[in-house]
């Protein structure tokens with residue numbers, strides 16, 4: 001009975017191709033998948049290499065730039081590398097370079113913003129006057145023959161005040177520009 | 001790798017989110033998204049309010065940086081008080097090389113924003129003449145100090161320098177010493193002075209005058225206000241000084257401010273409660289306002305002012 005029914009199945013349900021054809025197509029499918037995998041791996045490897053290259057170039061540029069005193073005089077505010085003013089107080093030459101860069105940046109600014117807000121400007125003028133006072137005292141101390149070693153702390157204080165002045169003027173410039 | 005394109009997407013998303021995180025890292029919480037259904041104007045007003053608040057925090061932090069730094073440096077100035085102001089009661093903001101040689105006093109540092117810097121003096125300049133007196137020969141740096149010692153605040157000092165083989169003349173406007181410590185040179189014993197306070201007075205930095213806004217008047221802009229000099233008040237202080245928006249300050253007790261910074265310095269030289277006369281232009285008419293410096297507000301640290309008591313004495317007055 002069952003055999004009879006099987007023999008009478010419609011032709012649509014019959015196998016579309018024979019075993020040999022099935023094996024050929026299966027091999028083709030496997031080869032296509034392997035090729036696609038290989039292509040994707042190549043693409044991924046190229047992308048990763050590109051990312052690594054970009055990161056490598058960025059790191060290389062950063063190290064090369066910090067090799068000497070950066071010339072920031074003509075930089076727009078947003079492009080200024082503020083890290084030159086921070087950290088690594090142990091290196092005397094580094095400290096000097098940062099102080100020079102800070103003073104060059106300050107010298108590149110206009111004397112005051114177009115619109116002066118009294119509170120912030122008072123903070124700026126207070127710092128400027130205190131630095132000027134320290135400078136005058138340092139002159140007097142040197143003329144009076146005070147040993148340079150005794151002035152190291154005062155010079156460090158001056159550097160701190162200059163850094164603070166940079167920060168306050170940066171804030172003042174940003175706020176003034178966004179009004 | 002079953003689905004490489006998926007991995008590529010994950011990698012690029014990670015890189016993107018890393019970059020966004022690195023750029024957006026901040027101590028402040030992220031701004032909440034605007035509530036749906038609100039008008040664009042209301043959202044803009046919200047953002048503007050947040051921007052204003054952020055700017056205020058930035059300015060407050062900057063002012064605090066200035067205040068704390070100046071407080072910290074007070075101890076070092078105290079160490080130097082025995083030199084009692086090498087330049088007398090004024091500051092000019094230069095460091096001179098004591099071993100300059102006989103050709104003049106070599107400038108080794110110029111204070112940023114100081115009087116010498118404002119005048120145009122630069123590091124490396126050699127001062128050869130001050131107010132018509134040559135300072136070449138023996139100890140030129142000491143000679144410069146000696147001349148400047150007799151100069152009064154706001155007097156002009158004419159300085160001739162040698163730079164790159166040529167001679168230039170600058171007009172330096174010395175400033176009064178900021179902390180008003182005038183100690184007699186002959187005072188026999190120095191009392192145990194406390195560290196000098198942060199500067200300037202708090203009614204300038206975060207008091208009623210702190211939000212006043214000034215613009216240095218150019219001759220062209222001055223035509224609109226009926227004067228060719230002075231400092232325009234863009235935003236008057238809400239309390240004190242009787243100023244109004246649009247006033248032009250011509251003089252403060254006779255001292256003519258040349259810029260917004262100069263006006264700030266002059267106003268900062270007063271104590272709270274002190275009387276001050278302002279000569280102003282209002283609606284193209286010149287007026288004199290009798291005003292009082294507003295009281296300080298809200299600062300917790302003590303400001304101590306030393307005054308010259310005459311005959312070698314010192315008086316201390318504390319203001320909270």
Are any of the residues in the range B:35-56 surrounded by 11 or more Cβ atoms within 10 Å (Cβ to Cβ), at the interface with chain A (Cβ under 9 Å from one of its Cβ atoms) and at pLDDT below 55? no
Subset of the range A:146-179 [free of Cβ contacts under 8 Å to residues at least 60 places away in the same chain, within 8 Å of another protein chain (Cβ to nearest Cβ) and more than 18 Å from residue A:107 (Cβ to Cβ)]: A:153, A:154, A:157, A:160, A:171, A:175, A:178
Can you tell me how many residues within the range B:197-217 are modelled with pLDDT under 65 and within 7 Å of chain A (Cβ to nearest Cβ)? 2
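Please determine whether any residue of the range B:140-156 is free of Cβ contacts under 8 Å to residues at least 12 places away in the same chain, surrounded by fewer than 18 Cβ atoms within 10 Å (Cβ to Cβ), over 21 Å from residue B:266 (Cα atoms) and in contact with a helix residue (DSSP H, G or I) (Cβ under 9 Å, 6 or more places away or on another chain).
Of all residues in the range B:140-156, those free of Cβ contacts under 8 Å to residues at least 12 places away in the same chain come to B:146.
Right, trim to surrounded by fewer than 18 Cβ atoms within 10 Å (Cβ to Cβ) and you get B:146.
Next, only the ones that are over 21 Å from residue B:266 (Cα atoms) stay: B:146.
Those still in the list that are in contact with a helix residue (DSSP H, G or I) (Cβ under 9 Å, 6 or more places away or on another chain) too: none.
For the range B:140-156, residues free of Cβ contacts under 8 Å to residues at least 12 places away in the same chain, surrounded by fewer than 18 Cβ atoms within 10 Å (Cβ to Cβ), over 21 Å from residue B:266 (Cα atoms) and in contact with a helix residue (DSSP H, G or I) (Cβ under 9 Å, 6 or more places away or on another chain): absent.
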Name every residue in the range B:245-285 that is loosely packed, with under 14 Cβ neighbours inside 10 Å and more than 14 Å from chain A (Cβ to nearest Cβ), in order of residue number. B:253, B:254, B:273, B:274, B:275, B:277, B:283, B:284, B:285
Those residues of the range B:106-144 which are facing chain A (nearest Cβ under 9 Å) and in a strand (DSSP E or B) amount to B:108, B:109, B:110
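Inside the range A:117-133, can you point out the residues that are in a helix (DSSP H, G or I) and either touching a residue at least 40 places away in the same chain (Cβ under 8 Å) or more than 7 Å from every other protein chain (Cβ to nearest Cβ) (or both)? Walk me through it before giving the result.
First, pick out the residues of the range A:117-133 that are in a helix (DSSP H, G or I): A:118-133.
Within the range A:117-133, A:120, A:121, A:123, A:124, A:127 meet the criteria.
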Output yes when any residue across the range A:102-116 is under 23 Å from residue B:99 (Cβ atoms), at pLDDT below 90 and touching a helix residue (DSSP H, G or I) at 6+ places or on another chain (Cβ under 9 Å), and no when none is. yes
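Enumerate the strands (runs of 3 or more DSSP E) found wholly within the range B:255-315, keeping only those where 1 or more residues are closer than 16 Å to residue B:240 by Cβ and either at pLDDT 50 or above or out of contact with any helix residue (DSSP H, G or I) (no Cβ under 6 Å at 6 or more places or on another chain) (or both). Even if it seems obvious, please write down each step before you answer.
Numbers: elements: B:275-282, B:285-292, B:303-308.
Hits in the range B:255-315: B:275-282, B:285-292.
The values are calculated or read from the model by the stated rules, or taken from the named source; none is laboratory data. None of these values were measured; they are calculated from a predicted model. Don't worry about glycine lacking a Cβ; one is built from the backbone with ideal geometry, like all the others, and counts go over all protein chains shown.
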